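Beneath this line is the structure, given in structure tokens, with notes to follow.
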Amino acid sequence: MRHATLLSSFVAGLTLAFVGGSAAADDPLVARGAYLVNGPVACGSCHTPLGPDFRPIMDKTLAGGFHFDEPAFNAYSANITPDKETGIGGWTDEEIIHAIREGAQKDGRIIFPPMPVPTYNNMSDDDVKAIVAYLRTVKPVKNAVPMARYNIPQQAMPPAKGLPAPPKSDKVAYGGYIVNALGHCFECHTTPGPQGAPDFAGHLGAGGFEITLGPSMSVRTANITPDKETGIGTWTDAQIARAITEGIGEDGHRLAPPMAYDYYKNMTADDVDAVVAYLRTIPPINNKVERTAFQQKAFP
Ligand code: HEC
Ligand code: HEC
């Protein structure tokens, strides 16, 4: 129960600071970037550190230091505030865009996983520029973050094509863009293959990826394919939308972290609709995912 309380305060505690300066907020590019970062893209779900109470440390918004301790890597999310010394204040726009979409720094050092660079490789030029414009407006925070160590071979993504996003009038295509270029839904929701990497070819969206949240606290991702028996094929649109933006399951139980519900709740209704419409079109895969004992106990 203690964990349940901790984690529920974690989930309830996220309040997101949208861009404050009015000059910046009036700039449509910055406004689009603010929407993306605090909504479907949720950079802060990794780049804003959490305190011992699992709540984001608000005066360290986007200042990095969130620790990922996995057999494959020991990484700390970077400081992406405009601080010149410890953040990205001294980087050019092109260098930041290269880090986001191809996953490499200017000296060639590769910075993923866990950053979902394969997803961001599909991001449009307009959206990645909007994100950078917004990052320039957040409060600079001095916070030096240790270098990551990787125990796996790494490879940068090929140069991003930067194609424009599909028109919003094409709901399914635009929803696909949100899922595959912005929200990195499938990097969590795809079943791992034998090497541990997501099996996008065979099990896209079929769930079962286990994520460690702490000592004896782990969760398994859900099957979000339209399979009627083991996926979300029988859920209503409203139920799927509620799961994404409120973290509530079909039968009303609270869903476990680390899905970025508290960022996704800032998505427009049209964007959530588009995501739901797109999820209905992916191939159904029969894959029963058992929720972990922790998940069932802490989020009954
Ligand atoms: C799943 C977690 C995760 C998400 C989501 C994520 N990142 Fe990262 N990011 C990281 C980690 C971890 C590092 C540090 C990697 C390293 O040091 O090798 C990093 C590094 C970076 C860097 C390099 C900075 C430096 O000083 O080396 C930039 C720039 C960056 N992220 C921007 C972003 C932006 C912008 C977003 C949202 C569009 C984002 N990231 C989303 C985990 C994430
Ligand atoms: C960081 C990993 C992560 C990301 C990214 C993520 N999810 Fe999830 N999602 C989860 C986990 C874990 C659960 C299961 C929670 C539980 O059962 O308590 C879940 C549950 C769900 C559910 C409820 C399904 C069910 O059977 O309970 C839906 C729908 C869903 N996610 C859709 C999405 C969509 C759409 C996106 C992208 C916008 C997304 N998720 C991004 C981890 C993630």
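Run ILE96 past the list (1) outside any helix (DSSP H, G or I); (2) near ligand 1 (Cβ under 10 Å from one of its atoms); (3) over 17 Å from the mean Cα position of the chain (by Cα) and report the number of the one that doesn't hold.
So the condition that ILE96 fails would be (1).
In segment 213-262, how many residues are assigned to a helix (DSSP H, G or I), touching a helix residue (DSSP H, G or I) at 6+ places or on another chain (Cβ under 6 Å) and either near ligand 2 (Cβ under 7 Å from one of its atoms) or closer than 27 Å to GLY51 by Cβ (or both)?
Qualifying residue count for the region: 3.
Just a yes or no: is a residue in segment 108-130 closer than 27 Å to LEU62 by Cα and away from ligand 1 (no atom under 13 Å from the Cβ)?
Within segment 108-130, one or more residues are closer than 27 Å to LEU62 by Cα and away from ligand 1 (no atom under 13 Å from the Cβ).
Here are ASP251, ASP262, ASP273: which of them is buried (at least 19 other Cβ atoms within 10 Å of the Cβ) and over 13 Å from CYS185 (Cβ atoms)?
Of the residues listed, the single one that is buried (at least 19 other Cβ atoms within 10 Å of the Cβ) and over 13 Å from CYS185 (Cβ atoms) is ASP262.
Considering segment 68-99 alone, what residues qualify as being within 16 Å of ligand 2 (Cβ to nearest atom) and under 21 Å from ALA181 (Cα atoms)?
SER77
Of the residues ILE57, ILE80, ILE100, only one is assigned by TED's automatic domain parsing to the domain that holds ALA148, in contact with a Gly (Cβ under 8 Å, 6 or more places away or on another chain) and either free of Cβ contacts under 8 Å to residues at least 40 places away in the same chain or aromatic (Phe, Trp, Tyr) (or both); which?
Going through ILE57, ILE80, ILE100 in turn, the sole match is ILE57.
Please state which one of LYS297, LYS288 is part of a helix (DSSP H, G or I), more than 10 Å from ligand 2 (Cβ to nearest atom) and either more than 21 Å from the chain's Cα centre (by Cα) or touching a residue at least 24 places away in the same chain (Cβ under 8 Å) (or both).
Testing whether each residue is part of a helix (DSSP H, G or I), more than 10 Å from ligand 2 (Cβ to nearest atom) and either more than 21 Å from the chain's Cα centre (by Cα) or touching a residue at least 24 places away in the same chain (Cβ under 8 Å) (or both) leaves just LYS297.
Consider only pairs whose beta carbons are under 8 Å apart and that are at least six residues apart or on different chains; among these, list those whose first residue lies in segment 27-50 and is hydrophobic (A, V, I, L, M, F, W, C) and whose second residue is more than 12 Å from ligand 1 (Cβ to nearest atom) and not in a loop (DSSP other than H, G, I, E, B).
That search, which allows pairs on different chains as well, returns VAL30/ALA24; ALA31/ALA25; ALA34/ALA25; ALA42/TYR264; LEU50/PHE10; LEU50/PRO56.
Could you look through segment 179-216, keep only residues that are among the aliphatic types (A, V, I, L, M) and within 19 Å of MET157 (Cβ to Cβ), and pick out the one that is surrounded by the fewest Cβ atoms within 10 Å (Cβ to Cβ)?
Of everything passing the filter in segment 179-216, ALA201 is surrounded by the fewest Cβ atoms within 10 Å (Cβ to Cβ).
List pairs: first residue in segment 176-199 and in contact (Cβ under 8 Å) with a residue 24 or more places away in the chain, second residue among the hydroxyl-bearing types (Ser, Thr, Tyr) and within 11 Å of ligand 2 (Cβ to nearest atom) anywhere in the structure, Cβ distance under 7 angstrom, at least six positions apart or on different chains.
Pairs found: GLY176/TYR278; VAL179/TYR278; ASN180/THR119; ALA181/THR119; HIS184/THR119; GLU187/THR119; CYS188/THR221; HIS189/THR221.
So, in segment 132-167, how many residues would count as being over 21 Å from PHE186 (Cα atoms) and either within 16 Å of ligand 2 (Cβ to nearest atom) or among the charged types (D, E, K, R) (or both)?
Final tally of qualifying residues: 4.
Within segment 176-187, can one find any residue that is among the acidic types (Asp, Glu) and within 16 Å of ligand 1 (Cβ to nearest atom)?
Yes.
Take the residues in segment 198-207 that are part of a loop (DSSP other than H, G, I, E, B) and within 17 Å of the chain's Cα centre (by Cα), then tell me which one is farthest from CYS46 (Cα to Cα).
LEU204
Does LYS142 fit the bill of being more than 12 Å from ligand 1 (Cβ to nearest atom), of a type in the set (D, E, K, R) and not assigned by TED's automatic domain parsing to the domain that holds ALA241?
Considered against the rule, which asks whether it is more than 12 Å from ligand 1 (Cβ to nearest atom), of a type in the set (D, E, K, R) and not assigned by TED's automatic domain parsing to the domain that holds ALA241, LYS142 comes out as yes.
Is one or more of the residues making up segment 156-169 surrounded by 13 or more Cβ atoms within 10 Å (Cβ to Cβ), part of a loop (DSSP other than H, G, I, E, B), over 20 Å from the mean Cα position of the chain (by Cα) and modelled with pLDDT of 95 or more?
yes
The values are calculated or read from the model by the stated rules, or taken from the named source; none is laboratory data. Please read all numbers here as calculations on a predicted model, not as lab measurements. All Cβ positions, glycine included, derive from the backbone under ideal geometry; neighbour counts span all protein chains shown.
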